[in-house]
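Asker: I have a structure here, written as structure tokens, and I will follow up with some questions on it.
Every number in this text was worked out from the coordinates using simple rules, so none of it is lab data. Note that the structure is predicted; figures quoted are calculated from it, not measured. Positions of Cβ are backbone-derived with ideal geometry, glycine not excepted, and every protein chain shown enters the neighbour counts.
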């Protein structure tokens, strides 16, 4: 029996290692690796938080008027009613009124050069309308539309002859916002 005792203890040690110690060690290694990933995520979150605070501090240096201009240029949501009112106000400066206003489909768009290149995707919406005016008034209206703070592309213009120097101009504009 004394001769077999070392072999029995050796087999018991190997069995204990295979059944308990090795699986526990592998589980501990997996937990340590997962803990390392959590530490890395925590460090990244701390860096992002400090970067966010730096950007917010930098934003505080901007005047509120400048911030409103940027938000009007490329808003972070689409406000169709505000868009129609803005275009109608531009038309009213030239004694024009919008007729047959149609809102097109809302969808993703490729961003104009330099817009949204570092941020999220840019979405767009098309708005169609008709104005009746003389050619010179229509050109002045388009010039004011061009100088509007809201980022817009005129994508389509067509016209129908009217009476005298008045014509019906059908205009489609596309405007953008950050998603």
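Asker: Using only the Cα atoms of segment 1-61, construct the convex hull and provide its projected area averaged over every direction, in square nanometres to one decimal.
Answerer: 4.7 nm²
Asker: What residue among 24, 163, 130 has the largest mean-square fluctuation in a Gaussian network model of the chain, using Cα springs under 10 Å?
Answerer: Result for the chain, Cα springs under 10 Å: 24 fluctuates most.
Asker: Fully extended, how many nm does the chain gain between residue 64 and residue 95 (0.36 nm per residue separation, minus their Cα-Cα distance)? Working shown, then result.
Answerer: Working: separation 31, 0.36 × 31 = 11.16 nm, distance 3.17 nm.
Contour length minus Cα-Cα distance gives 8.0 nm.
Asker: Still on this model: Just want the ordering: 155, 122, from fewest to most Cβ atoms lying within 10 Å of their own Cβ.
Answerer: 155, 122
Asker: Given a 10 angstrom Cα cut-off, can you work out which residue in 87, 14, 157 is the most mobile in a GNM of the chain?
Answerer: So, out of 87, 14, 157, the one fluctuating most is 14.
Asker: Can you give the angle from 0 to 90° between the axis of helix 135-146 and the longest principal axis of the chain, with both taken from C-alpha atoms, to the nearest 10?
Answerer: The two axes meet at around 20 degrees.
Asker: Jot down the per residue volume, in cubic angstrom and as a whole number, of the convex hull over the alpha-carbon atoms of the chain.
Answerer: Taking only Cα atoms, the chain has a hull volume of 174 Å³ per residue.
Asker: For the chain, what is the calculated [θ] at 222 nm in deg cm²/dmol (nearest 500), taking -39500 (n - 2.57) for each run of four or more DSSP H residues and dividing by its residue count?
Answerer: On the way: 5 runs with 87 residues, N = 179.
Roughly -16500 deg cm²/dmol at 222 nm, from the helical runs in the chain.
Asker: Starting with the fewest neighbours, write out 169, 38 ranked by other beta-carbon atoms found within 10 Å of each beta-carbon.
Answerer: 38, 169
Asker: Under a 10 Å cutoff between Cα atoms, tell me which one of 58, 150, 72 has the largest fluctuation in the Gaussian network model of the chain.
Answerer: Largest GNM mean-square fluctuation: 58.
Asker: With a bin width of 5 angstrom, please list the P(r) values of segment 37-95 as percents of all Cα-Cα pairs, from the 0 bin to the one holding the largest distance.
Answerer: Percent of Cα pairs in each bin: 4, 13, 12, 14, 13, 11, 10, 9, 5, 4, 3, 1, 0.
Asker: Let me ask something else about it. Pulled fully out, how much extra length does the chain show between residue 163 and residue 25, if you take 0.36 nm times their separation in residues and subtract their Cα-Cα distance? Walk me through the intermediate numbers first.
Answerer: Numbers: separation 138, 0.36 × 138 = 49.68 nm, distance 9.06 nm.
My answer for the length gained is 40.6 nm.
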